[in-house]
1. Whole-Hz ³J(HN,Hα) for each residue in the range 141-150, computed from phi via Karplus 6.51 cos²θ - 1.76 cosθ + 1.60 with θ = phi - 60°, x for glycine and proline: what do you get?
2. Run the numbers for Arg224 and Arg54: contour at 0.36 nm per residue of separation, minus the present Cα-Cα distance, in nm.
3. Would you please classify the overall shape of the range 1-122 from the alpha carbon gyration tensor, given that a ≥ b ≥ c denote the square roots of the eigenvalues, rounded means a/c under 1.5, and beyond that prolate means a/b larger than b/c while oblate covers the rest?
4. Relative contact order, percent, of the chain when contacts are C-alpha pairs under 8 Å separated by at least 6 residues?
5. Efficiency by 1/(1 + (r/R0)^6): what FRET value for Ala181 and Thr132, r their Cβ-Cβ distance, R0 = 25 Å, to the nearest 0.05?
6. Per DSSP H run of at least 4 residues, take -39500 (n - 2.57); add these up for the chain, divide by its residues and hand me the 222 nm value, nearest 500 deg cm²/dmol.
7. When the chain is fully extended, how far beyond the present Cα-Cα distance does Asp5 get from Lys152, taking 0.36 nm per residue of separation?
8. Can you give the accessible area of Thr102, probe radius 1.4 Å, in Å² rounded to 10?
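The values are calculated or read from the model by the stated rules, or taken from the named source; none is laboratory data. Fair warning: this is a prediction, and the values are worked out from it, not measured in the lab. Every residue, glycine as well, gets a Cβ built from its backbone with ideal geometry; the counts of neighbours run over all protein chains shown. The accessibility values were calculated without ligands, DNA or RNA, using every heavy atom of the protein model including side chains. Shrake-Rupley method; radii C 1.70, N 1.55, O 1.52, S 1.80 Å.
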Amino acid sequence: MLTLDGIEVRYGQAIAVGGVSLQVEAGRWIVLIGANGAGKTSLLRAVVGLVKHRGRVVLNGDDISTLPPWHRQRHGFGYVPEGRQIFPQMTVEENLRIGGYTCDAAGLRRGLDTAFDLFPRLGERRSQLAATLSGGEQQMLALARALMTQPKLLLIDEISWGLMPILVTQVFEHLKALHAAGIAILQVEQNAHEALRHAQHAYVMSAGHLVLDGPAEEIARDPRVIESYVG
Ligand code: ATP
């Protein structure tokens, strides 16, 4: 579904991602873990087209490497950015409509119905300003917004960031349901313990490179991973 081939991201002279290649097959749940500053967010932003990069991004057979983000998105992924990036002075429904800006009227209706079905609290608050939502609800909104175009692939950056443990559990339950419904997930996550419990395959990134990969349950047992990221 998604192939990354030699992705390199530089900020000035600094190399944040130093030639990363990986694949996400349809329906798979892949997690990317690593220390702060390892380059995980930069890699996802390269896939979405939000940073300049070298290397190829191929989605469903189409090379989208040279397209701007607003064209890449039409090739079929949803993106949950780090820090949620919702629009606080817009209502819940307006935020969702922005997520579905490429949809026709029927697609928008379907997207909104799905969002309110999956997240009833968002339905109850559809006319409220997003700024008035709790942190957990804002995270649900960011996820629901990414689902508006009914993507088959979700790119998710630090979805559990800043959430209390019970909400982290809830968020992962939602991801589990989406995955069970056939959506592939490429997830960057600081909460390695939780992510490795759910994902099928894991990559470990360090200083801009992938240094380890394997089935998530094996990676979770790796002493180097336990020492550095799970504790
Ligand atoms: P974190 O978990 O802290 O978000 P990360 O693994 O996602 O870390 P990145 O955010 O991709 O890592 O950062 C990789 C490196 O690139 C870091 O050294 C960071 O300081 C640097 N970096 C990130 N964004 C920029 C930017 N816009 N300009 C300059 N350097 C940047």
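1. Those phi angles translate into 5, 4, 5, 4, 4, 5, 8, 4, 8, 6 Hz.
2. Full-extension gain reported as 58.2 nm.
3. Judged from the Cα gyration tensor, the range 1-122 comes out prolate (a/c at least 1.5, a/b above b/c).
4. Relative contact order comes out at 28 percent.
5. According to the calculation, E is roughly 0.25.
6. -10000 deg cm²/dmol
7. Full-extension gain reported as 50.9 nm.
8. Surface open to solvent at Thr102 totals about 50 Å².
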